[in-house]
Amino acid sequence: MSKTLGILGVGHLASYVVAGLRKAGDQRPILLSPRNKKHALTLKQEHGCDIAVDNQAVADQCKIILLSVRPAQVEEILSNLKLTTDHLLVSCVAGMSLEHIQVLAGPAEVVLTLPLACSEMGQGVVPLHPDNPIARELLSQLGKLIVFNDQSQFGLASTAACMNGWIYAFLDNLTDWFIAKGLSEAQARELVLHSVQGATALAAAKTDQSLREICDSIATPGTYTRIGLDILEAKEAFSQWGEACEKMNEAFTKAV
């Protein structure tokens, strides 16, 4: 199968993917659908992509196609597209089942993924369902690839994608607190970001310990860390995150 990548739906997600691939050193030809001309021209200028005359031209010239449109657009686009058994359709459409997209895609093979904004930097989780060697080779360049065996598991990855977005608001809140206490914006931002970065790096390295064990090994009785942790847990600060995740999971479950 040709490695040329076609992209249907040239919005923010497509921009993350293209930038991430180029950052990883992937210089394969990339052919963009022409609908979002502004984004397409930017990707052409910055990353050497080409722009097709229409969606069918993308399908005719590319055997690997990234579908990154809104759910409401999927049926219209796929129903007017002629795909073959040689095509691999990599869907980034949130909240739409594999079975639904497969019916619309006809004979093409379909897999699901959902790259995050941080895939532009080759970071974060990149979920994949079901496993496919071609999709694995493409997507593993964008971050930590995790293959999920069934769609319910993949739905939880979609919830995690929402959680990823909430983290920025949490970091912003912490940064604002340090600024209010007298740090410069640059100092506060670096302090917060690198504190969190260090915590995740340590957790990733200590695979022999649970995350709670790592926490308790640092927040030992009588330490300032434990005092602050006790306040947060008494206020049920962390349970609110679980509640938000539950709501998102319910929404994704209903959507598929």
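The values are calculated or read from the model by the stated rules, or taken from the named source; none is laboratory data. Everything quoted here is computed from the prediction, not taken from an experiment. Methodologically, a virtual Cβ is constructed for each residue, glycine included, from the backbone with ideal geometry; neighbour enumeration extends over all protein chains shown. Only protein heavy atoms, including side chains, enter the accessible area calculation; ligands, DNA and RNA are left aside. Shrake-Rupley method; radii C 1.70, N 1.55, O 1.52, S 1.80 Å.
Structure data summary
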quantity	calculated
Any chance I146 is at pLDDT 95 or above and either part of a strand (DSSP E or B) or over 19 Å from T4 (Cβ atoms) (or both)	yes
Residue in segment 4-16 that is open to solvent by 10 Å² or more (accessible area, probe 1.4 Å), among the aliphatic types (A, V, I, L, M) and within 22 Å of M96 (Cβ to Cβ) present	yes
Boolean, A57 is assigned by the TED database to the domain that holds D86, surrounded by fewer than 17 Cβ atoms within 10 Å (Cβ to Cβ), in contact (Cβ under 8 Å) with a residue 12 or more places away in the chain and not in a loop (DSSP other than H, G, I, E, B)	yes
Selected residue (only one of G122, G143, G165 is touching a strand residue (DSSP E or B) at 6+ places or on another chain (Cβ under 6 Å) and either outside the structural domain of K247 (by the TED database) or under 21 Å from V69 (Cα atoms) (or both))	G143
Which listed residue is within 15 Å of H12 (Cα to Cα) and in contact with a helix residue (DSSP H, G or I) (Cβ under 9 Å, 6 or more places away or on another chain), from L78, L114, L89, L98	L114
Residue in segment 78-97 that is more than 21 Å from D150 (Cα to Cα), assigned to a helix (DSSP H, G or I), at pLDDT 95 or above and of a type outside the set (G, A, S) present	yes
Helices (runs of 4 or more DSSP H) lying entirely in segment 151-256 (those with 1 or more residues that are open to solvent by 70 Å² or more (accessible area, probe 1.4 Å) and within 30 Å of A94 (Cβ to Cβ))	151-180, 185-205, 211-218, 237-255
